[in-house]
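Step one of this worksheet: look at the structure below.
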Amino acid sequence: SSTGNEGYTNKIGTPACISKTIAVGMTYKTDYDSEQKQCLDSVCKKECVDKAPKKDDLVCGGNRDPKTTKLFAPGHDIFTLSKDGNYYLSTGTSMSTPLVSASIAIIRQALHSKDIEIKKECFYALLCITILSIKAFQSQK
C-alpha cells in the first residue's frame with residue numbers, strides 16, 4: 001500500500017499504516033544531471049528539494065518510516081494513463097505500489113501459491129532474492 005506523499009520521515013499514511021499491508025515508498029527511477037530536483041507541489045504537501053538525486057534514491061516527498069517501510073520502488077516521473085486516454089508524468093507512492101504488487105503477483109504465480117497465505121516477511125525475502133538474481137544475471141551479460 002502507498003505510504004503517502006507528505007514528506008514524513010518517521011511515519012506513514014493510510015492505507016499503508018494498516019498492519020496487514022505491505023508499505024511501499026518511492027524512489028527516483030533514473031539519475032538526474034541537474035543540481036537539484038524539486039518535488040512537485042501537486043504531489044507533495046510541502047516543498048522539498050533533493051540535491052542531484054540518483055536512481056534508487058528516496059524521493060523527499062514520499063512518506064517513510066524505518067520500522068514499517070521495507071519496500072521501495074520507482075515513483076517519480078512515471079508515465080501513466082489519464083481517464084481521457086492520454087499519457088502523462090506523475091509522481092507519488094501510488095506510482096510505486098503497482099510495481100511491487102505486480103512483482104508479488106508474479107512470485108505468487110511462480111510458486112503456485114494462489115490459495116496459500118504467505119507472510120509479508122517471506123515476500124520481502126523473495127523479492128530481495130529475485131532482485132539479487134536479476135542483478136547477477138545482468139552482470140554476466
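The values are calculated or read from the model by the stated rules, or taken from the named source; none is laboratory data. Computed from a prediction, not measured in an experiment: that's the story for all the values here. Note: ideal-geometry Cβ built from the backbone for every residue, glycine included; neighbour counts use all protein chains shown. Note: areas computed on protein heavy atoms with side chains; ligands, DNA, RNA excluded. Shrake-Rupley method; radii C 1.70, N 1.55, O 1.52, S 1.80 Å.
Among the residues of the stretch 43-59, are any at pLDDT below 80 and at positive phi? Yes, the conditions are met somewhere in the stretch 43-59. Give the residue that is farthest from Pro74 (Cα to Cα), with candidates limited to residues of the stretch 99-124 that are open to solvent by less than 60 Å² (accessible area, probe 1.4 Å), modelled with pLDDT under 75 and assigned to a helix (DSSP H, G or I). The residue in question is Lys120. For beta carbons closer than 9 Å, sequence separation of 6+ or different chains, a first residue in the stretch 54-77 that is under 16 Å from Ile18 (Cβ atoms) and in a loop (DSSP other than H, G, I, E, B) and a second that is open to solvent by less than 60 Å² (accessible area, probe 1.4 Å) and of a type in the set (Val, Ile, Thr), the qualifying pairs are Asn63/Thr3; Asn63/Ile12; Asn63/Thr69; Asn63/Thr93; Asp65/Thr3; Asp65/Ile12; Thr68/Thr3; Thr68/Ile12.
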